[in-house]
Amino acid sequence: MKKSSLPSLIVLVIRRDLLLAMRRRADVLTTLIFFVMVVSLFPLGVGPEMDMLRKMAAGVLWVAALLSSMLSLGRLFSADYLDGTLEQMMLAPQSLSMLVLGKIAAHWIVSGLPLVLMAPVLGVQFDMPVQSLGVLIVGLLLGTPVLSMIGAIGAALTLGLRGGGVLLSLLVLPLCIPVLIFGTGAVEAVSTGLSAVSHLSLLGALFMLALVSTPWVTAQALRISME
Amino acid sequence: MLEVSNLACSRGDHRLFSGLSFSLYPGQIMQVQGENGSGKTSLLRTLCGFLMPDEGDIAWCGKSIRELDEAYYAEMLYLGHLNAIKDELNALENLRISAGLAGVELDEKEAIAALRRMGLRGRERLPTKVLSQGQRRRVALARLLVSGAKLWVLDEPLTALDVGAVAQIQELIAEHLARQGMVIFTTHQPLQVAGMEMRCLSLS
Amino acid sequence: MAINWFKYSAPTTFYGLAGKLIPWFAISSALLFAVGLYIGFVVAPVDYQQGEFYRIIFIHVPASILSMFLYLVMAGYAALGLIFNTRLSSMMATAIAPTGALFAFISLWTGALWGKPMWGAWWVWDARLTSELILLFLYLGFIALHASIDDPRRADRASALLAIVGSVNVPIIYFSVKWWNTLHQGSTIKFSGTSMHVAMQQAMFTVLVACWLYAIAVVLARVRSIILERERNTTWINELPEVRS
């Protein structure tokens, strides 16, 4: 037996959540399938004109990613809350914020990363040019972790409430709007021949801001919800 | 040692207890008694820092637990109504992870030894969802064996346990007290620890 | 003369004080509304570009300003309640939310009414209107979260945290929306000319003050009923003449 350090504790939390996700693969897949379905519904809704679809592609993919990530947020803390693991995490001899960061990272690997990997395939459905696709992927890589981090605050605040899922979206979606704007803006800038650097660096700034602030806020929200 | 002074706690509008003071010294054990709804669980959860007391203070070795925070958590172990066990994981994984969260890295041998001592021989690698309620509680209680914590806060540790397991827990508590540990617990079943004076705290 | 401010931060004393103040705020608000709207609708001259339509700004602009300020005031009270654990501050935050949401809604409504004659569409994705819409969402989220938690203490603390996160986000949202708007060359609501007529300024300012006073009166009244509800089991509430009868 030996005492564990902070990094090893974070790694433990990430590995645990990934292991649990592997044992419940259906949950991971449903989010991804939802993403694919929502994106595929748009051409059916607005018609198959390629020009319009090409123009819409980035927006559709981003909104769909936003909605899919809302879908999986409910699971972030609720299982641990119900079986008492969350109590034990709060009693861990390391900062709760860091454990929360570990959980958010695992959540992103399970529900955000698959969306990013799937996005190019769906982008091709919308006939997106390669350059736009590249910017879309970079944007999603920077933006989806922010969605997970902001969402974690909402998930912690709505822990154990009835109708938590819908309420969670109501709380979190407005806060995610800047991510959506900069993410789609980057693709649009590239497709109109401008540089996407400024959009992407703003996304990066949002990422850094979320990284330093949201784990702590989420930890406070969890403490409030555990009372 | 644990010092509680002038503690007051309420749930909603209802005042559960107020003016509660006691101290617990190394090697002592204390049972919290009271009817259902008298605030036993709330008291234990306040000791864990989950609930904020309305008034009063809780000090560990002379310092408020609010200030100590993680340093306090390193020295205490809490076992609540919930087992903190995942159905999808097997007993071994569950024990190693919960010990890991408590800051103790456990290798497989140590974990298996602890589970066997809790009477789970042959069940180490079964998914916990096929175990009975009592067996799951044993998996949770196995944490007592591998923890280095000085203060044990146990909320109804004996629920769902059979006679043999209860005796085992009594033995564990006696060992812990002999190591100058401290225990504060609630129970509705009789629990005797040989050769130890049981202090009682009644909430009404 | 030293005033003991902390005396009034206890719900017990605040309840009585608020009761005495409400009529003053309510009456002066009504008077100022009458004066301001009279100046705005009768005295102020017709705008050479927008004709009579522009007069809606005498309601639209004060409502927009107030909806934004009230969010900050609400977040401020919520933060006070969270940090110092003062019950009254959390009650104030809860009481402000519906009024703030109302002003956000009025601002959107009047914005739409203005948009129709100006651009021929009820809704334009103007940066300010869009931000106002998001602000309304933030208010609704705050109210919904507070309403769905039964334990008042957890409700206060959870929604306080949300309000603080929201208030940090408001500038980010505003600038991102503004940027998005300029990128798409959308329409922007601009008041024609740089110099406003003196009567217009007077009307706008008077209505703004009237809105403030109205908000204060309504919030105080709401805080009083929240105090009554939360403290219903205490003796001082049961000894109040209005409760006993």
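The values are calculated or read from the model by the stated rules, or taken from the named source; none is laboratory data. Given the structure is predicted, the values throughout are model-derived calculations rather than measurements. Every residue, glycine among them, receives a Cβ derived from its backbone with ideal geometry; neighbour counts consider all protein chains shown.
Just a few scattered comments:
- Filtered residue count, the stretch A:19-35, keeping only those that are of a type in the set (A, V, I, L, M) and either exposed (fewer than 14 other Cβ atoms within 10 Å of the Cβ) or more than 12 Å from every other protein chain (Cβ to nearest Cβ) (or both): 6
- Across the stretch A:37-55, the number of residues qualifying as buried (at least 17 other Cβ atoms within 10 Å of the Cβ) and either within 20 Å of the chain's Cα centre (by Cα) or within 14 Å of another protein chain (Cβ to nearest Cβ) (or both) comes to 2.
- Taken over the stretch C:34-55, the criterion of being buried (at least 19 other Cβ atoms within 10 Å of the Cβ), within 19 Å of C:Y214 (Cα to Cα) and hydrophobic (A, V, I, L, M, F, W, C) is satisfied by C:I39 alone.
- Selection status of C:P23, farther than 22 Å from C:S107 by Cα, of a type outside the set (S, T, N, Q) and outside any helix (DSSP H, G or I): no
- Considering the stretch B:27-74, and only residues there that are within 21 Å of C:R154 (Cβ to Cβ) and of a type in the set (G, A, S), the residue that is nearest to the other protein chains (Cβ to nearest Cβ) turns out to be B:G49.
- Qualifying positions in the stretch B:50-67 - in contact with a Phe, Trp or Tyr (Cβ under 6 Å, 6 or more places away or on another chain) and outside any strand (DSSP E or B): B:I65
- Scope the stretch B:88-106; condition over 16 Å from the mean Cα position of the chain (by Cα), more than 8 Å from every other protein chain (Cβ to nearest Cβ) and not basic (K, R); matching residues: B:N90, B:A91, B:L92, B:N94
- Residue match in the stretch C:141-162 (condition: at pLDDT below 85, assigned to a loop (DSSP other than H, G, I, E, B) and surrounded by fewer than 20 Cβ atoms within 10 Å (Cβ to Cβ)): no
- Annotation note: of C:A63, C:A79, C:A93, the sole residue that is surrounded by fewer than 19 Cβ atoms within 10 Å (Cβ to Cβ) and of a type in the set (A, V, I, L, M) is C:A79.
- Any hit, the stretch C:131-139, residues being at pLDDT below 85 and under 23 Å from the mean Cα position of the chain (by Cα): no
- Top-ranked residue in the stretch A:188-227 [being among the β-branched types (V, I, T) and surrounded by fewer than 16 Cβ atoms within 10 Å (Cβ to Cβ); ranked as farthest from the other protein chains (Cβ to nearest Cβ)]: A:V197
- The residues of the stretch B:166-187 that are over 19 Å from B:L47 (Cβ atoms) and either basic (K, R) or in contact with a Leu (Cβ under 8 Å, 6 or more places away or on another chain) (or both), listed by number, are B:V166, B:I169, B:Q170, B:L172, B:R179.
- Flag if B:V163 is of a type in the set (A, V, I, L, M) and either within 14 Å of another protein chain (Cβ to nearest Cβ) or under 23 Å from A:G84 (Cα atoms) (or both): no
- Residue that is nearest to the chain's Cα centre (by Cα), among those in the stretch C:78-114 that are over 20 Å from C:I164 (Cβ atoms) and touching a residue at least 60 places away in the same chain (Cβ under 8 Å): C:F103
- All positions within the stretch C:28-59 that are under 17 Å from C:W114 (Cα atoms), β-branched (V, I, T) and assigned to a helix (DSSP H, G or I): C:I56, C:I57, C:I59
Results for (1) over 23 Å from C:I164 (Cβ atoms); (2) in a helix (DSSP H, G or I), shown as yes or no for each residue.
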site	(1), (2)
A:V187	yes, yes
A:G193	yes, no
A:L202	no, yes
A:A219	no, yes
A:S225	no, yes
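Residues checked against (1) under 22 Å from A:L9 (Cβ atoms); (2) part of a strand (DSSP E or B); (3) in contact with a strand residue (DSSP E or B) (Cβ under 9 Å, 6 or more places away or on another chain):
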| position | (1), (2), (3) |
| --- | --- |
| B:A99 | yes, no, yes |
| B:A114 | yes, no, no |
| B:A142 | yes, no, no |
| B:V153 | yes, yes, yes |
| B:Q189 | no, no, no |
| B:S204 | no, no, yes |
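- Members of the stretch A:17-41 found to be without any contact (Cβ under 8 Å) to a residue 40 or more places away in the chain and either within 11 Å of A:A64 (Cβ to Cβ) or in contact with a helix residue (DSSP H, G or I) (Cβ under 7 Å, 6 or more places away or on another chain) (or both), listed by number: A:F34, A:M37, A:V38, A:L41
- Filter pass, C:L102 being in contact with a helix residue (DSSP H, G or I) (Cβ under 9 Å, 6 or more places away or on another chain) and within 18 Å of C:A221 (Cα to Cα): yes
- C:E52 passes every criterion in (1) touching a Phe, Trp or Tyr at 6+ places or on another chain (Cβ under 7 Å); (2) of a type in the set (D, E); (3) without any contact (Cβ under 8 Å) to a residue 12 or more places away in the chain apart from (1).
- When B:L16 is tested against (1) in contact (Cβ under 8 Å) with a residue 12 or more places away in the chain; (2) loosely packed, with under 14 Cβ neighbours inside 10 Å; (3) farther than 19 Å from B:Q189 by Cα, just one condition goes unmet, and that condition is (2).
- Condition check for B:A149: facing chain A (nearest Cβ under 10 Å) and small (G, A, S): yes
- The lone criterion from (1) at negative phi; (2) assigned to a loop (DSSP other than H, G, I, E, B) left unmet by B:R138 is number (2).
- Looking across the stretch B:24-49, just one residue is without any contact (Cβ under 8 Å) to a residue 40 or more places away in the chain, in a loop (DSSP other than H, G, I, E, B) and surrounded by 19 or more Cβ atoms within 10 Å (Cβ to Cβ), and that is B:G49.
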